[in-house]
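Working notes for the structure below.
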Amino acid sequence: MEQTLDLKYTYTEKKDTRSGFGDGLVEAGKQNPNVVGLCADLIGSLKMGDFQKAFPDRFFQVGIAEANMMGLAAGMTIGGKIPFTGTFANFSTGRVYDQIRQSIAYSGKNVKIAASHAGLTLGEDGATHQILEDIGLMKMLPHMCVINPCDYNQTKAATIAAAAYEGPVYLRFGRPSWPIFTPKDQVFEIGKGWKMIEGSDVTLIATGHLVWESVVAEALLRQEGIRAEVINIHTIKPLDETLILDSVAKTKCVVTAEEHNILGGLGESVARTLAQNFPCPQEFVAVMDSFGESGTPAQLMEKYGLNAAAIVAKAKAALARKG
Amino acid sequence: MEQQSLDQLKKISSQVRRDILRMVHAVQSGHPGASLGCTEFFTALYFHEMKHNPAFSMSGEGEDMFFLSNGHISPVWYSVLARSGYFKTEELATFRKLNSRLQGHPATEEGLPGIRIASGSLGQGLSVALGVAQAKKLNQDPHHVYVLMGDGELQEGQIWEAAMYAAHYGVDNIIATVDYNGQQIDGPTTAVMDLKNLRAKWEAFGWEVIETKKGNDMEAVLAGLQEAKASRAKGSQSSISCTQKWALAWTLWWARISGTASHLAMNS
């Protein structure tokens, strides 16, 4: 389908976003000797092996003990270190929520929580590992910054930016191979969204893997004469409200798209912004308050309505509600 | 801080006990039991053992640092911090009141000098202190990191994750202390969740255990802390057998307050 479309962004290569993290971490480690890595027995999955090889004295295998990892990381910041903790998103949040809340967020510690395998695209492992609540858990914590980049290049840039940022960061990325459609060596500004495509009829606001699906959806909608504006919200907190409000002032309806539960995700953050500033129709592409299941990433995205086709359908629904 | 004489340390302990009672009584809220039970320990640390600077810096570079895992005994910590010059003793009167820097449980949010991380939700302090100790090693800072835990708190699983980590990495610049008072909210630890052979547990995790039976006897507490420190020094000279050179100063403290001040300073 993608081959026959007139896409505004294209790709020649696919790669997992976790590799963007792994490569970004090595770069951040070169830039700043205080960057350290901790991992809970998932070095290969998190792509932290290159960092471990490059900086063996600054890497700490902590074993299958995530709670301890969060405490260690918080303590290391006191000595001026910039620790990146690495495990799956599920074990980076729900399993250690209280440790993050007290020792990291409430204590304002400069810990970077690197969370891989987020969402349904983790695939065959099933719902025990497919966390769809992590954005909500993390964005509710005062002081916590929440970032969900969309491809390899953006994840690499986000990792380098997170290391330079002072304060706790939740950095969410995924497992599957995904189109690389944003520029190499891009400047990543935390909290600053990116209007990728200009449009006038409907605003598509997406984060993570769903940004690519929104780019595809824009082309599909354009075939039907609908001009969609596409906004890449890599930082869910703090949210770039100005960019969103400027766009909806023009389009007057919105679709939000994310690989997360409809409760607590990007969609709710956008809905709050709209309710306070510019009430208008909003449709949600998200998981409808359920757990996931085993399957291939593509099968799961199809079944749970998280792909370009679903975004197109929701865009039409939003347009129909415009008065 | 200059080291204080034994007589002075005992006098400071008495003053700290008065502070604790006044603070808790004023708001009819807080945890006086283990605060009183750990008075000698805190006084020994801040007025004798630790090299520290009341002109507080978060990083604690070139200093010994203390972390309180059982954050509910904040009154004793606040008193000792004030008495050693981190902030004015008048501020102790704001304990647990609105707009105070002296939160019910220690916190950094309000910027109270001397506090480097929040605690209160139990079981997290050993991990934090190990992270601090690990950073000190990376920074080639030879100073010690101290951490205090409650005994009931040892029922939390995270403590044992941290204990395992310390042994694996040979983190020998930390001195962990357990306030072994045998009491927790719902009753004696033996009834709530028995710690059984605690020494054997820690030793099995690779720690050296030092027991101070008279936790409210200043001389005994000082001796225990010095033994813990010496144990590290001894281990550090060994270049091969370095897997068991960190120390747990294990102290027995009477801790339950039963209403009147006359009961406070009893040992087990």
Scanning for something within 13 Å of chain A (Cβ to nearest Cβ) and more than 20 Å from B:GLY37 (Cα to Cα), does segment B:174-192 turn up at least one residue?
yes
Going by the structure shown, is A:TRP212 in contact (Cβ under 8 Å) with a residue 60 or more places away in the chain and touching a His at 6+ places or on another chain (Cβ under 7 Å)? no
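Going through A:ALA313, A:ALA286, A:ALA275, A:ALA309 one at a time, which residue ends up being modelled with pLDDT of 95 or more and under 21 Å from A:ALA89 (Cα atoms)?
A:ALA286
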Only unsatisfied item for B:VAL221, checking (1) open to solvent by 10 Å² or more (accessible area, probe 1.4 Å); (2) in contact with a helix residue (DSSP H, G or I) (Cβ under 6 Å, 6 or more places away or on another chain); (3) at pLDDT 85 or above, is (1)
Within segment A:40-52, residues surrounded by fewer than 24 Cβ atoms within 10 Å (Cβ to Cβ), among the charged types (D, E, K, R) and touching a helix residue (DSSP H, G or I) at 6+ places or on another chain (Cβ under 9 Å) come out as A:ASP50
Taking segment A:151-169 and the residues there that are charged (D, E, K, R) and outside any helix (DSSP H, G or I), the one that is surrounded by the fewest Cβ atoms within 10 Å (Cβ to Cβ) would be A:GLU166
Residues of segment A:111-131 being over 13 Å from A:PRO297 (Cβ atoms) and either without any contact (Cβ under 8 Å) to a residue 40 or more places away in the chain or of a type in the set (Val, Ile, Thr) (or both), in sequence order, are A:VAL111, A:ILE113, A:THR128, A:ILE131
Exception for B:GLY30 within (1) open to solvent by 10 Å² or more (accessible area, probe 1.4 Å); (2) at pLDDT 95 or above falls at (2)
It is to be established whether one or more residues within segment B:53-67 are assigned to a helix (DSSP H, G or I) and not aliphatic (A, V, I, L, M). no
The condition of being crowded, with 20+ Cβ neighbours inside 10 Å and either in contact with a Lys or Arg (Cβ under 7 Å, 6 or more places away or on another chain) or within 9 Å of another protein chain (Cβ to nearest Cβ) (or both) holds, among B:LEU122, B:LEU126, B:LEU138, B:LEU81, only for B:LEU126
The lone condition B:VAL147 fails out of (1) closer than 28 Å to B:ILE20 by Cβ; (2) open to solvent by less than 10 Å² (accessible area, probe 1.4 Å); (3) at pLDDT 95 or above is (3)
Scanning segment A:40-65 residue by residue, the ones that are under 20 Å from A:ALA118 (Cα atoms), within 11 Å of another protein chain (Cβ to nearest Cβ) and without any contact (Cβ under 8 Å) to a residue 24 or more places away in the chain total 0
Residue set A:TRP194, A:TRP178; condition surrounded by fewer than 23 Cβ atoms within 10 Å (Cβ to Cβ) and of a type in the set (Phe, Trp, Tyr); output residue A:TRP194
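Of all residues in segment B:170-205, which are part of a loop (DSSP other than H, G, I, E, B), over 28 Å from B:GLY30 (Cβ atoms) and charged (D, E, K, R)?
B:ASP172, B:LYS196
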Taking segment B:102-113 and the residues there that are within 10 Å of chain A (Cβ to nearest Cβ) and over 16 Å from B:TYR86 (Cα atoms), the one that is most open to solvent (accessible area, probe 1.4 Å) would be B:GLU109
Screening A:ALA313, A:ALA286 for residues that are more than 17 Å from A:ALA127 (Cβ to Cβ) and outside the structural domain of A:GLY126 (by TED's automatic domain parsing) leaves only A:ALA313
Among B:ARG96, B:ARG116, the single one that is charged (D, E, K, R), part of a loop (DSSP other than H, G, I, E, B) and within 13 Å of chain A (Cβ to nearest Cβ) is B:ARG116
The correct count of residues that are open to solvent by 10 Å² or more (accessible area, probe 1.4 Å), among the aromatic types (Phe, Trp, Tyr) and either touching a Leu at 6+ places or on another chain (Cβ under 8 Å) or within 11 Å of another protein chain (Cβ to nearest Cβ) (or both) in segment A:84-122 is 3
Picking from B:GLU91, B:GLU153, the residue that is open to solvent by 10 Å² or more (accessible area, probe 1.4 Å), more than 8 Å from chain A (Cβ to nearest Cβ) and part of a helix (DSSP H, G or I) would be B:GLU91
Expected output for segment A:140-155 (first residue touching a residue at least 40 places away in the same chain (Cβ under 8 Å) and closer than 16 Å to A:ALA89 by Cβ, partner acidic (Asp, Glu) and not in a helix (DSSP H, G or I), Cβ below 8 Å, 6+ apart or cross-chain) is A:ASN148/A:GLU258
**Condition met for B:SER69 (under 25 Å from B:ARG18 (Cα atoms) and open to solvent by less than 10 Å² (accessible area, probe 1.4 Å))** = yes
When B:LEU195 is run through (1) touching a strand residue (DSSP E or B) at 6+ places or on another chain (Cβ under 7 Å); (2) open to solvent by less than 70 Å² (accessible area, probe 1.4 Å), the failure sits at (1)
Scanning segment A:66-81 residue by residue, the ones that are within 7 Å of chain B (Cβ to nearest Cβ) and crowded, with 22+ Cβ neighbours inside 10 Å total 11
*Is segment A:94-110 home to any residue that is free of Cβ contacts under 8 Å to residues at least 60 places away in the same chain and assigned to a strand (DSSP E or B)?*
no
For segment B:169-191, the count of residues that are open to solvent by 50 Å² or more (accessible area, probe 1.4 Å) and touching a helix residue (DSSP H, G or I) at 6+ places or on another chain (Cβ under 9 Å) equals 5
Here the qualifying pairs (Cβ atoms under 6 Å; residues six or more apart or on different chains; first in segment B:96-115 and free of Cβ contacts under 8 Å to residues at least 24 places away in the same chain; second open to solvent by 50 Å² or more (accessible area, probe 1.4 Å) and acidic (Asp, Glu)) come out as B:ARG101/B:GLU110
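The values are calculated or read from the model by the stated rules, or taken from the named source; none is laboratory data. Nothing here was measured: the structure is a model prediction, and the numbers come from that model. Heads up, the Cβs are rebuilt from the backbone with ideal geometry, glycines too, and the neighbour counts pull from every protein chain shown. Accessible surface areas use protein heavy atoms only, side chains included; no ligands, DNA or RNA. Shrake-Rupley method; radii C 1.70, N 1.55, O 1.52, S 1.80 Å.
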